[in-house]
Structures are given as structure tokens and as C-alpha cells.
Amino acid sequence: MYWGLSLSKVIITVYGTLREKLGWRSKEVVFKGDKITFRELLDVEPKLKSLILQGGNLIDDYIILLNGVHLQFKGGLNAVLRNGDEISIFPPGGGG
């Protein structure tokens, strides 16, 4: 607790080309309260948001996991994140 406010953190880890585009591999995001939605988390990380959101929707090619479970099964953009949760984001795979 900090000055009477409960602080929580979520860890975001990105892979592949996202590392170069964002300039980081893993990041802790601290927020007030005990929960935040994935949509609200993206508002805190605008560069990440611009890479994985298009027209207000998640780009299907990205694999986004919340504690190892695909985000779509947790509510998508409305998934509730709590203290200690881990987000893993994998970019589209290349091929040729």
C-alpha cells in the first residue's frame, strides 16, 4: 500500500519482432487498485497498443496469453488483470 492506495503490477513480456519495435523484452506495469482490464493496460502502453490494435480490435495474428491462457478465452480486451498476472505477446510468425 502506498499512501492508502493499493498498488498492483502486471508483467508484460514480448517476443520476436516486438522486442525490436518496442525496445524492451519485459516490463512491469504498476497501477492503482487491485484490477485493470487489458484495454486499460494498453492505454498505459500506447506504442504497444498501436502495434497490436487496429480499428479498436486486437489484430488476430498476434498470440496474447494471460497466465498461459489465450486472451480470447479470458475476455479479450475486457479481460480483468490482477496483481502478479503475466501477459505474453507473440507476433505473427514469418514464412515463405
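When you check V29 against the structure, is it within 13 Å of the chain's Cα centre (by Cα), free of Cβ contacts under 8 Å to residues at least 60 places away in the same chain and not in a helix (DSSP H, G or I), yes or no? Please lay out each step first, then the result.
Values: within 13 Å of the chain's Cα centre (by Cα): yes; free of Cβ contacts under 8 Å to residues at least 60 places away in the same chain: yes; not in a helix (DSSP H, G or I): yes.
Taking the combined requirement at face value, the residue satisfies it.
Could you please let me know if S88 is surrounded by 15 or more Cβ atoms within 10 Å (Cβ to Cβ), outside any helix (DSSP H, G or I) and more than 11 Å from the chain's Cα centre (by Cα)? When the stated conditions are applied, S88 does not pass them. Scanning region 38-53 turns up no residue that is surrounded by 16 or more Cβ atoms within 10 Å (Cβ to Cβ), small (G, A, S) and at pLDDT 95 or above. Among residues belonging to region 54-76 that are among the aliphatic types (A, V, I, L, M) and surrounded by fewer than 16 Cβ atoms within 10 Å (Cβ to Cβ), point out the one that is nearest to L18 (Cα to Cα). Result: I63.
Identify all residues within region 53-96 that are under 11 Å from R39 (Cα atoms) and among the aliphatic types (A, V, I, L, M); write none if there are none. Talk me through it step by step, then tell me what you get.
So in region 53-96, the residues under 11 Å from R39 (Cα atoms) come out as 53, 56-58, 75-81.
Within region 53-96, L53, L58, L77, A79, V80, L81 qualify.
Within region 11-26, being part of a strand (DSSP E or B) and either in contact with a helix residue (DSSP H, G or I) (Cβ under 9 Å, 6 or more places away or on another chain) or surrounded by 14 or more Cβ atoms within 10 Å (Cβ to Cβ) (or both) holds for I12, T13, V14.
The values are calculated or read from the model by the stated rules, or taken from the named source; none is laboratory data. Keep in mind that what you see is a predicted model, and the values were worked out from it rather than measured. Cβ sites come from the backbone with ideal geometry, for glycine too, and all protein chains shown count toward neighbours.
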